[in-house]
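This report refers to the structure that appears directly beneath it.
The values are calculated or read from the model by the stated rules, or taken from the named source; none is laboratory data. The structure presented is a predicted model; accordingly, all values stated were derived computationally and were not measured. Cβ sites come from the backbone with ideal geometry, for glycine too, and all protein chains shown count toward neighbours. These accessible areas exclude ligands, DNA and RNA; they are computed on the full protein's heavy atoms, side chains included. Shrake-Rupley method; radii C 1.70, N 1.55, O 1.52, S 1.80 Å.
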Amino acid sequence: MTSQSADTLRSRYAVQAASDLEENRRLQQELTERLKVLQQQEALLEDILSLAERYEGFADPSRLPEQLQDEPGVAQAKPVSRAASRRSSPARTAPVGRGVKAGAKGKSRQPLLGDLLAELLGQYEEPRRAKDLRDELLEKHPDRNPTPQVVRNTLESLVAKGRIRRHKRQRSVLYTLVQPAPGGTGEVRAGEGRTT
């Protein structure tokens, strides 16, 4: 083998190794992002299981606390198995039933989370991020403390109901309130931006 052919072979191996290394790093990045999504889904599912256990005795969705009525999927929660209840956090301290119903009569009803978020969106013409809306909600309503995932889910349920619109800009998801058009002949969104 000549020195020129050895150099050519080394050069090919180096190019191939660099390409393989780049592909390996790209796959690692994809897997890291997928793992983050799966971990967020795991946390959400654990929250759902916890809520299902907490409100196991509620058969009528109208008896659920106000914030939970607006969250997708909570009212239709299936019964929790014994295995799931052993995995979850400590047992309930207050019995579900007459005590909860009687306590609800004494308290004034809180507005739904979806209504609060729509009210906040109505103050802006430009699209807003879910994180910004949650921060503003925590500031204006310190008694409410929904998780970021609950805020996103609630916003998505409002999108599904046609009350707000979702916009995508690069990697950000933004929301605007849907305003009725003058004359009541349809809807037009507030602010600028492309809808998806």
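Please verify whether R144 is open to solvent by 20 Å² or more (accessible area, probe 1.4 Å) and within 27 Å of V37 (Cβ to Cβ), treating the condition exactly as stated.
The answer is no for R144.
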Practice item. Check off (1) modelled with pLDDT of 90 or more; (2) loosely packed, with under 10 Cβ neighbours inside 10 Å for S62 and give me the number that stays unchecked. Key: (1)
Check your understanding: Which members of the range 106-124 meet the condition of being over 17 Å from S172 (Cβ atoms) and open to solvent by 20 Å² or more (accessible area, probe 1.4 Å)?
Key -> G106, K107, S108, R109, Q110, P111, L112, D115, E119, G122, Q123
**Study point:** Residue list for the range 131-171, filter: within 10 Å of the chain's Cα centre (by Cα), assigned to a helix (DSSP H, G or I) and farther than 12 Å from G114 by Cα
**Key:** P148, Q149
Practice item. Please go through the range 6-54 and pick out each residue that is over 30 Å from R152 (Cβ atoms), modelled with pLDDT of 85 or more and open to solvent by less than 70 Å² (accessible area, probe 1.4 Å). Key: T8, L9, S11, A14, A17, A18, S19
